[in-house]
Each structure stands twice: as structure tokens, then as C-alpha cells.
Amino acid sequence: MTGGTPFYITTPIYYVNDAPHIGHAYTTVACDVLARFMRLDGRRVKFLTGTDEHGQKVAKSAREAGIDPQEFCDRVSQNFRDMTRLMNISNDDFIRTTEARHLRSCQALWQVLVERGEIYLGTFAGWYSVRDEAFYEDGELVNGKAPTGAEVEWVEEENYFFRLSAWQDRLLAFYDANPDFIAPRSRRNEVVSFVKGGLRDLSVSRTSFSWGIPVPDDPKHVMYVWLDALNNYQTAVDYPDIKSEEYSTFWPADLHMVGKDIIRFHTVYWPAFLMAAGLAPPKRVFAHGWWTVEGQKMSKSLGNFIPPARLVEAYGVDAVRYFMLRELPFGSDGDFSHRAVLGRINGDLANGLGNLAQRVLSMINRNCAGRVPQPAALTAADEALLATARGLLPRLRAEFAEQAFHRGLEAVWQVVGEADRYVDEQAPWVLAKSDRERMATVLYTLAETIRHIAILVQPVMPDAAGRLLDQLALGPEARDFASLAARPLVPGTLLPKPVGVFPRHIEEREGKGG
Ligand code: MSP
């Protein structure tokens, strides 16, 4: 797709010190849903994900694994690439910070910052947490640890500094002028008060290890891993070639999706680096919440990290994607439990949309010779149901523009509920004996409603929605959002034999809980 207003969306790049887990899958799926939604809505989308491969944390993991850091990164990065395939992710690029394009991009950014007088050489003395890859001051420590609970070590070394302190007022002015830059609102308030509290210059290089991008003209320094990592978003659109087609089309990014733990890096350091380099900051950063598992924090010591592959194997990829976005208000924390997933699969999918589609399509198959029925004049009840279905696109656009996936999906399932009530009221199985013309109108109205729903849930459940659209005999040209109004079902079209799309999940160990 080449036309349409550009939309550039990114996931954080994942540290390669760990295997992928549901926290990573969550961010990536949320971005994928938006990317697919925007493509179907006619936008020209660029969707980026990738891996963050430099820094002390990764170097330490490689050492522990007893292999060369590059080889270690190659191996773990591949696991994240595999996760994108597993979760049916439609990313357009996968960046690795050890690639040559990224080295060039970071060194160019560094040089611009130096030329503009934003970086100077000094001495750092303070605390560093390898787990957080972040510096802390004495006053920030809580019982000798980072506020995040991570271990810290004392660091005293010659470092380059970025003049972050000089950006306090300009950052506050930027937040003021761009009220939607940080979402949700609670996070915005948190960041604003942090910046109001005063900013110190930031150490942006290290000399005590070498696994990073060398500082131009002073290669005993490597760049601070967050400067390197954040700049991945520009590398992927061809920075430093700011006159390139990619950069001029896609920069500034429309949305950086991140977890709540890394909001400060994205909303304080990143816009400051960019403004200091004379470049535009991204348009929006959304911080989502964190998952616990069966009520507990995921941790190495508890060994309760859930690999996404295990979920997909148990429930299927579409159900997992749906669950992730429907279960929690996007932005809040929540719990991933087997019981909750089953509730959504059996309730919303099997008994809800699945049952509705199966009922309607089988009635059409039985009573209309398997062809899209020919409607007669519509009654107020028919018009009312169709109006709710037609109202979904504007509603979803509004909700997804705010990343309120849960509200968008709730609205879709309200229409499923309306359709269920309509079937019960209209009782087409009774009309089959008494009034065939009216039956055809009712079934047409229902099939049109299902068509709307199936087109609109494609971003969340691409496979299942695709199978529903197959059953309505709709080709690829009839599946984008423009088709909603432009291509209603054509009476007389032969439909394939209906098959269930959302099976009930039967508990293997029924009665034993789970
Ligand atoms: N490498 C940095 C990001 C650099 S972006 C320029 C990083 N990587 S990470 O692998 O540690 O985390 C990536 C994302 O996963 C973060 O957005 C984080 O919030 C998210 N999650 C990690 N655990 C999570 C949960 N338990 N639940 C939800 N998301 C979680 O940070």
C-alpha cells in the first residue's frame, strides 16, 4: 500500500538478555492491532519492532552463557523474531541495534549533539543499576536499592554528559503544547511532576565496558545504551538521511507504545535528545500496564514467566490476542489467569460471536439454498440493528485513536448482543414456516451485521475473522474498511458450507479447577 496518510508505530526494542514472555507479546500485539487497523482504514503504515542488544545487561548475560556477545545476540534476537511469527505480527521491519545501519545512525546523532554543544566531557560519580540500565542518585535509593528494587553499583568514571538540565523548561512547554503526547493522563501527570522537580545532566557514555556503539573520535567510550536504543526509531526510517523518502514520510513517529516502566526514557530523554539535535519529537507515547500471572508478579525466582508459545498452543493465537486486548482497560495492570482466558473464549467468542455467526449462516444454508438472501423492505427493527453495526467504524476509530482497545471491543460485542436479541425477537425459524420473504429480510440483516463485525475484528483476530469473511464469500478486495459502506452483501451470492470458527475451550481436567 503506498497511498494514505502515513502512520508510524513502534514497539519498544526488547533486551536480548531474556526469552520472550507474555509481557513482550502484549506490547507487540497491541501495536499489531493498531497497525492492521490503520492499514485497513487506508493509512500508509510502517510498523517497527526489534531487539536492544548493547549494554552491560546483555554483555553480562552473554558472559554467563559463556559465549561471544554477538553470537549471543544473534541467538536471542531470533527468539523475538520467532515470537512475531507466532503471534501473527505484521511488522514491516525488525531492527537490531547491532546492525551497521544503526551504528551509522547513532554516530551521526552523537555528532550533531556535539556540534550543537549539547554534549560535554565530565566525570560521573553515582549509582548504576545494570538491570534497569539507569543511573540513580543517592537520594533516590530505597534501602540501598534502586526505586525499582534493582541492585545498584557505585560507578565513578569519565563520561560524556548530555545537557538535560537545560531542557527542563522546553520539555514542560512541549508537554503543554502537546497535551496528547503522553498517555494515559495519569502517566502524563507523573512525568510532568518529575520534570518540574528539576533535571540533571545525563551521563551518555560509559568507559568500563565495551559492548556498545563507540563514541566517534573517542572510542574508549561506548554510548549509553538508552541513547543507542531510543535512536532505533529513527534508524528504521533512514536517519541520518533526513531528506530520504522514508524519513520525510514517517518522522516524527505517530506512536511509541511502551510499558509503564520505561515511560521516562521515552517522554523525557528521547524528546530532549531530538529537540537538542534540531529534530522533531514523536507525536505520542502510550504507556500500558503490567501483567501478573495467576495473581503473582512474573519473576525468575518464581519461574512463572509464560512463554507466548505455551498460550498459543493451549488457546490458539486469535483467542490470546483477543484476551490480551479485551480483558484489561489498556493502560491498567491486570492478571493473566487460565480461568479469565477460558471465560473470554467460551463467553465472548464461542457463545457470543461464534454462536451468532454459526446460527445465522446455518439458517441461510438450510433455508435460502446457501445463497445470500434477497431482502424486502426493512422494518424499524432491521434498520436499528444495521445502524448499530454501521456505527461501529466511527466508534472504533475514536477508541483506537486513544488506544482504548477494550472499549472498542466492548462496543463490538454490544452489537453481538443486539444481534442475539434481534434473532430471538424475529425468530426466523418461525418465519421459515409462515413468511419466507420476511425471513429472508431478517437473515440478510443479520448477515450484513456479521459482515461488519467480521471486517472490524480483523485487526484483533486476523485468522478467525478471515474465516468468517470466507464464509460470507468476500474476497480480499471486500475486506477493508472502505468496503463496509461500499460493498454490502450481494443477494444471490453462493456461500460456502458454514463451519464453526470459535470452538468452545473444553477444560481437559474438568472439575479440577485451573
Ligand atoms: N530494551 C528496553 C526498551 C528500549 S526501547 C527504546 C526494554 N526492554 S524489555 O525487554 O525489558 O521490556 C520491553 C517491554 O516489555 C517494556 O515495554 C516492558 O514494559 C514490557 N514488559 C515486561 N514485562 C511486562 C509485564 N509483566 N507485563 C506487561 N509488559 C511488560 O525495556
Under the rule that an exposed site lies in a DSSP loop and has at most 11 other Cβ atoms within 10 Å, name the longest stretch of the chain with no GluC sites (Glu not before Pro) of that kind, not counting the sites themselves.
138-507
Under a point-charge model restricted to the Cβ atoms of Lys and Arg (+1) and Asp and Glu (-1), what is the dipole moment magnitude of the chain relative to its Cα centre, in debye to the nearest 20?
1540
Between the range 277-304 and the range 399-475, what is the separation of their alpha carbon centroids in Å?
34
Can you give me the relative contact order of the range 338-486 as a percent, contacts being Cα pairs under 8 Å and 6 or more apart?
29
A correct Karplus calculation of ³J(HN,Hα) over the range 341-354, with 6.51 cos²θ - 1.76 cosθ + 1.60, θ = phi - 60°, whole Hz and x for Gly and Pro, returns 5, 4, x, 5, 5, 6, x, 5, 8, 5, 6, x, 4, x
Full extension from ALA150 to GLU507: what is 0.36 nm times the residue separation minus their Cα-Cα distance, to one decimal in nm?
124.6 nm
Estimated dipole of the range 338-486 in Debye, rounded to 20 [Cβ of Lys and Arg +1, of Asp and Glu -1, Cα centre]
300
With the crude spin-label approximation of a point 7 Å out along Cα→Cβ, what separation in nm comes out for VAL114 versus ASP176?
3.5
Only Cα pairs under 8 Å and at least 6 apart count here; give the relative contact order of the range 45-138 as a rounded whole percent.
33
Length-normalised contact order of the chain in % [C-alpha pairs under 8 Å, at least 6 apart]:
15
Rank VAL415, LEU474, ALA398 by how far each Cα sits towards the positive end of the charge dipole of the range 379-514 (+1 on Lys, Arg Cβ; -1 on Asp, Glu Cβ) and give me just the farthest.
LEU474
Out of all DSSP beta bridges with both ends in the chain, state the antiparallel percent to the nearest 5.
50
Which of PHE194, PRO329, GLY295 sits farthest toward the positive end of the charge dipole of the range 186-338, with +1 on the Cβ of Lys and Arg and -1 on the Cβ of Asp and Glu?
PHE194
Just want the ordering: MET257, MET275, from fewest to most Cβ atoms lying within 10 Å of their own Cβ.
MET275, MET257
Take every DSSP beta bridge whose two residues both sit in the range 8-140, then give the antiparallel share in percent to the nearest 5.
25
Given LYS243/LYS283; LYS60/LYS196; LYS145/LYS300; LYS46/LYS145, which pairs have Cα atoms separated by over 29 Å?
LYS60/LYS196; LYS46/LYS145
Between TYR14 and residues 5 or more places away or on another chain, which pairs have amide H atoms under 5 Å apart, with H built 1.01 Å from N, and which residues are they?
GLY50, THR51, ASP52
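Read-outs: derived from the displayed coordinates by stated rules, not from any lab. Model, not experiment: these values are computed from the prediction. Methodologically, a virtual Cβ is constructed for each residue, glycine included, from the backbone with ideal geometry; neighbour enumeration extends over all protein chains shown.
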